[in-house]
1. Normalised radius of gyration for the range B:4-233, please: alpha carbon Rg relative to 2.2 N^0.38 Å, two decimal places.
2. Can you give the charge dipole size of the range B:4-233 about its Cα centre, rounded to the nearest 20 debye, using +1 on the beta carbon of Lys and Arg and -1 on the beta carbon of Asp and Glu?
3. Which FRET efficiency value, to the nearest 0.05, is calculated for residue A:33 and residue A:90 with the Förster distance at 41 angstrom and r the Cβ-Cβ distance?
4. Quick check: Cα centre of the range B:231-263 to Cα centre of the range B:163-203, how many Å?
5. Could you run the Karplus curve 6.51 cos²θ - 1.76 cosθ + 1.60 with θ = phi - 60° over the range A:63-72 and give me ³J(HN,Hα) per residue in whole Hz, x for Gly and Pro?
6. Given B:177, B:190, B:148, which one lies farthest toward the positive end of the charge dipole of the range B:143-202, if we put +1 on the Cβ of every Lys and Arg and -1 on the Cβ of every Asp and Glu?
7. Just to verify a number: FRET efficiency for residue A:41 and residue A:112, C-beta to C-beta distance, R0 = 51 Å, to 0.05?
8. With unit charges on the beta carbon (Lys/Arg positive, Asp/Glu negative), name the residue among A:89, A:28, A:126 whose Cα is farthest towards the positive pole of the charge dipole of the range A:1-129.
Amino acid sequence: MKILKTYRLEIIMLLPLVLYIIGFTFLPVMNTIFMSFQNPHTGAFPTFANYQYIFGRRDFNDAFWNTMIITGIGLTLEMTIGLVIALMLTKNFKGRGVFRSFLLIPMGVPTLVSAVTMTYIFNIHGYLNELLYRLHLIKIPVDWAGGGLKTLLMIVFADMWKVTPMVVLLLLAGLESIPGEVYEAASIDGASTWQTFRHVTLPLLKPSITMTLILRAIDAFRIFELPMVLAGKNTPVLSTYAYMEYNAYNNPYTSAAGSTILLVMILIFIFGYLFVSERNKEVI
Amino acid sequence: MSEVVFKNVCKNYGQVTVIHDLNLTIRDGEFLVLVGPSGCGKSTILRMIAGLEKITAGELYIGDRLVNDLPPKDRDIAMVFQNYALYPHMNVYENMAFGLKLRRFPGEEIDRRVKEAASILRIEHLLKRKPKELSGGQRQRVAIGRSIVRKPQVFLMDEPLSNLDAKLRVEMRAEISKLHNRLQTTVVYVTHDQTEAMTMGERIAVIKDGSIQQVDTPLNIYNHPANMFVAGFIGSPAMNFLPCRVERIDDEFYLDAQAFKIQVPKAKTEKLEAYTGREVVFGFRPEDIHSEPVLSETHANSSFTGVVDVVELLGAEMIVHLSTGTHSIIAKLDVRTRLKRGDKLQLTFDMNKIHLFDKENEVAIL
């Protein structure tokens, strides 16, 4: 009671947010987890029936592996390209400021808008097919959204366009925190550009790389708008699978099971992030 | 031969010239200290030797090689940085071995050299530790170790002791001097601390605004400063400066500072002829004023009366701030003199140690 009295104002000001989070995040999540363990017909709890059902479904397996492939390829490319751009941006060159500003534009575009923009490129009558045709690389247009690896690569490309700037920013912050004197010491010690990168930059950037990887992995698992708009239900990922189960097939229980699996995957990475960020604090 | 020679070296940053026409020879095996206030260009000179700064004009030789366009790794130099610049992800051993590994030294040779350097610097027990697990003094030893394992022609040290506490600084000062005696390698040492310069340097180069003011042994710089800047910069507390007029009465020269008038000894009057009747700057070090009453009685011509403003007791000696007329003077006196604020005190100059400077160009007259 004393606490209520001492912190009355703080409690009043926090209350709306707490209620919002409880009402719109905590309870729905708890309800979803509960439903995923509930028998859709009898309402019995707990049961693994929903999980057994979706594990047996081909589209769920596709969704799972598609998510993994998109995350794997996407992260590899984003990190590589992001690191190259970040390294470029640490150098002084004319127009660096302008380049940095341009680089940030994709971050400001809503994902849904970027997805629609990408359809201009990857549509069967889109710019990419036109370009390839004019270069005489194809005779008939490629159906990029038709499924298989090419569709996943299309989604990876669209995702990369959107999120590489964030990777660049995170890595750039890491690069700029490496003291210049260490590079000077390396140059006096006789390190070439490659050796400096290999033995100085990369190890010192490891904490930033790990953090960026985990943050991006959390995001990549949740990918929804891009596969939804670009590929539809032909190429499901975990989030679109859960959405389709609920929306198109009216299966809230299996949708809940799919969502819970996605939640667990994301939680693993969130705990990884917390662990790594705590460890980095100790290093510094 | 590991001489370092600057011939008419200039350094510009855009329109700003930070080093003007530098001519300096650092002798083989010498411990030369570059000293000057912040921003005087001393670190730039060091970084030009290292190859971390490009030379705008002129020539720089290390040994007999022109090194203007040589990258740092080919100059056969090693540098100790102010903030140590150790590789944070490598342990002490790896930090020291890194340069040798890159130069493809055989493993046993690397091991031998690292252990030898570690034993000289007494850091053998730290070889497995990371830099973050070391104290400031230990890190500095590792940084020095990293530079000595390479056995370079020239050591460059950029304010290596400025991040250490006072006690450790005194210890490391002696250690670096000992190390130089042992290795007999050329050392160029940058500092803004005149005590470091005086105690460590075989020669000191005093720098101001990108120009060398004087290069000489510490004692010569202390006793015969070339100009007012050097006189004021070297020595603690700093030299006192008073404006005064040179007067000639018969064959004797006097300095008239309004509050007092003192006679210049015969041996020092040679160059004063030209300044007769002109304003000059009278300089004297705080320790060259004495308070013994017997002196003021026997040397009435070099005595004056001052009023005590502040007394700072340092134990073995005391620093006394005095005023005489409109001037303020700092004197270093024997602690046996009992003084308090407002006391009147008869003081005598040691006239053999006085300095006079031209008022216009601040160059030493005597």
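Read the figures in this text as sums done on the coordinates, not as results from a lab. As the structure is a prediction and not an experimental result, all values here were calculated from the model. Every residue, glycine as well, gets a Cβ built from its backbone with ideal geometry; the counts of neighbours run over all protein chains shown.
1. In units of the globular-protein estimate, the range B:4-233 measures up at 1.01.
2. 740 debye
3. 0.35
4. First find each Cα centre; the distance between them is then 35 Å.
5. 4, 4, 5, 4, 4, 4, 5, 4, 5, x
6. Farthest towards the positive end: B:148.
7. The calculated FRET efficiency here is 0.90.
8. Positive-most Cα among the choices belongs to A:89.
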